[in-house]
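Peer 1: Quick one: structure below, then a few questions.
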Amino acid sequence: MTMRSLSKTGIYALLMAAAWSVTPLQAAEKQNPAAQRIVSIGGTITEILYALGAQDRIVARDATSSYPLDALKKADIGYMRALSPEGILGQTPDLILSEDGAGPPDAVSILKASEIAVVTIDTPPAGAAIPKKIRDVGAAVGLSDKADVLAAKTDADLKALAAEVAKLPAERKRVLFVLSVSGGRIMAGGKDTEAAEIIEMSGGINAAEGISGYKPLTDEAVIGAKPDVILLMQSGNHGVKPDEVFALPAFQSTPAAAKKAIVQMDGLFLLGFGPRTPEAARSLAAQLYPGAFPG
């Protein structure tokens, strides 16, 4: 009997039973570098696979995989934090390659308990960790040589950007990353986030340094943050319109509101932390400090 011939209920029951008989260590040890049917979970994973020339081996990707545009032609298995084991296994993959943080946990446990190789790539919010992420993806798909070249280039680009940023004036812009605005509730990026890291890499100061993670800010906290610039994602589930931000009372007395200073960038480009991150950070720096980053 093939996986395709089973009902969704049958697949789920079999995998739940298997989940109790396979230890996490056994699941983590499964690898398939020669895989030809890859399910890619995470926009940056998909981006790296394309950069390594492995795009023809991808049979499906998650909803965050929006770059390059050709990736949108692949089967969509849904949002990476709301995965369906049946939908993924129905693609008959021989490798499931995922960013850390995919979920829900029960779904991930079922996938790891299956006969399919599952590799999870660590994705800390740090620019310095990007080369390792690239190499880890390359190793998972048997393309370590190409990954080494791409990782070395990315590392060199990051170092070149850091050298440029170091020459900026001592007075740096305070940048507040706004993830979402709903019902007047402002969700911002604090310490230990991709937003905080990309702001720092671009020569800015994270205006929400008083919180950790992505958390709501009170009106008083927004006013106290004194942001010079508001940073938004252009698209995606958390896309925010500039007018929505400055319509909120909390923002109206900020330096950013006085100058209508808003920077919008594509979410995956800005926060993906992949091969394009040096370009993304330089683009943000150029918008924070016009004239300082020509070309």
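The values are calculated or read from the model by the stated rules, or taken from the named source; none is laboratory data. What you see is a predicted model; the values in this text were computed from it and never measured. All Cβ positions, even for glycine, are placed from backbone atoms using ideal geometry, and neighbour counts span all protein chains on display.
Peer 1: List every residue pair whose Cβ atoms lie under 7 Å apart, where the two residues are 6 or more positions apart in sequence or sit on different chains, the first residue falls within region 144-164 and is without any contact (Cβ under 8 Å) to a residue 60 or more places away in the chain, and the second residue, located anywhere, is of a type outside the set (Asp, Glu) and outside any helix (DSSP H, G or I).
Peer 2: none
Peer 1: Test residue 209 against the stated conditions and say whether it is assigned to a loop (DSSP other than H, G, I, E, B), on the phi < 0 side of the Ramachandran plot and surrounded by fewer than 16 Cβ atoms within 10 Å (Cβ to Cβ).
Peer 2: yes
Peer 1: Let me ask something else. Please tell me if residue 257 is assigned by TED's automatic domain parsing to the domain that holds residue 178, without any contact (Cβ under 8 Å) to a residue 24 or more places away in the chain, small (Gly, Ala, Ser) and in a helix (DSSP H, G or I).
Peer 2: Here the answer is yes, as residue 257 does meet what is asked.
Peer 1: Just to check your reading of the model, which residue among 197, 164 is in a helix (DSSP H, G or I) and under 30 Å from residue 97 (Cα atoms)? Even if it seems obvious, please write down each step before you answer.
Peer 2: Numbers: 164 fails: under 30 Å from residue 97 (Cα atoms).
Step by step, each of 197, 164 is checked, and only 197 is in a helix (DSSP H, G or I) and under 30 Å from residue 97 (Cα atoms).
Peer 1: Being part of a strand (DSSP E or B) and among the hydrophobic types (A, V, I, L, M, F, W, C) is the filter here; which residues of region 115-147 pass it?
Peer 2: 117, 118, 119, 121
Peer 1: If you don't mind, another one. Within region 242-288, work out how many residues are of a type in the set (Phe, Trp, Tyr) and modelled with pLDDT under 95.
Peer 2: Qualifying residue count, region 242-288: 2.
Peer 1: Would you mind finding the one in 287, 264 that is assigned to a helix (DSSP H, G or I) and in contact (Cβ under 8 Å) with a residue 24 or more places away in the chain?
Peer 2: 287
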